[in-house]
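What follows is a short report on a single structure.
The values are calculated or read from the model by the stated rules, or taken from the named source; none is laboratory data. Because the structure is a prediction, the values reported are computed rather than measured. Please note: Cβ atoms are built from the backbone with ideal geometry, for glycine as well, and neighbour counts cover all protein chains shown.
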Amino acid sequence: MGVQTTLYRQYRVIADRSLELMEQCEEQLKGRFDQLEANAKPHTVEEVQRFLLIESEVHEINTQYLQHALACVVFSAMAVEGYIFDYAALRTSKAYVEENLDKMDTVAKWVVVPRLITGKELGRGRHCMQLLDDLVKTRNKLVHYKSRDIGDTSDAVDPVVDGLPDKARKAIQALNELAKDLDSLDSTAKAAEGIGKEAWGTLRSPHGGQMSSITRPK
């Protein structure tokens, strides 16, 4: 049997890196806002130019801030979806999963698959499952984003984007808690090495879920 290639570990690592970059942007934004407050009443041309430069930097950093948060959420969702598919396929078969389980929504899979394999389930009332439900809903809103009319400036705050950094942090929390709780039901699942806190270390090991080939960039 050949080495199984998976991507959910890479997704977890990308989510982690995105969160790290998001938090770096957050610190930069705090510093820039302090500078804006200190230069809030420019009097000279130089002071006006300084203020406008800082304001421009705020917009640029804020864009990156939200992009990293979005990436964290989307790749976290991809990690939980990829992991639960592989977990089920390894314990049953890929054909069985595709025929009987693959059309279920992600939360349902995380309830049904552990019960099918271990006889025990991660009930929807568990905190990890509530985090998963929130992650999936946020990801769906981002991936299936619908444009909207902005009547005036009071409508300018997008409900999908608003609070996205906190959603990114909860996405990583969802991965960690899902991995921990599944491993408590099935010690052979090794979810912590797949999508949990140990994913980084596993990725560095030989055949640690890496891509099947390394291609030189063109």
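At a glance:
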{"read-out": "When residues of segment 6-28 are limited to those that are in contact with a Pro (Cβ under 9 Å, 6 or more places away or on another chain) and charged (D, E, K, R), the one nearest to ALA174 (Cα to Cα)", "value": "GLU23"}
{"read-out": "Unique residue being more than 29 Å from LEU142 (Cβ to Cβ) and of a type in the set (Phe, Trp, Tyr) when the list is PHE33, PHE51, PHE85, PHE75", "value": "PHE51"}
{"read-out": "Odd one out for GLU27 among (1) in a helix (DSSP H, G or I); (2) surrounded by 13 or more Cβ atoms within 10 Å (Cβ to Cβ); (3) free of Cβ contacts under 8 Å to residues at least 60 places away in the same chain", "value": "(2)"}
{"read-out": "The one condition in (1) modelled with pLDDT of 95 or more; (2) over 22 Å from TYR145 (Cα atoms); (3) not aromatic (Phe, Trp, Tyr) that THR92 fails to fulfil", "value": "(1)"}
{"read-out": "Scope segment 102-117; condition touching a residue at least 24 places away in the same chain (Cβ under 8 Å) and not hydroxyl-bearing (Ser, Thr, Tyr); matching residues", "value": "ASP105, VAL107, LYS109, TRP110, VAL113, PRO114, LEU116, ILE117"}
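Residue by residue, here is whether (1) at pLDDT below 95; (2) among the β-branched types (Val, Ile, Thr); (3) surrounded by 16 or more Cβ atoms within 10 Å (Cβ to Cβ); (4) in a loop (DSSP other than H, G, I, E, B) holds:
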site: MET1; (1), (2), (3), (4): yes, no, no, yes
site: THR5; (1), (2), (3), (4): yes, yes, no, yes
site: GLU20; (1), (2), (3), (4): no, no, no, no
site: ASP34; (1), (2), (3), (4): yes, no, no, no
site: LEU70; (1), (2), (3), (4): no, no, yes, no
site: SER76; (1), (2), (3), (4): no, no, yes, no
site: VAL80; (1), (2), (3), (4): no, yes, yes, no
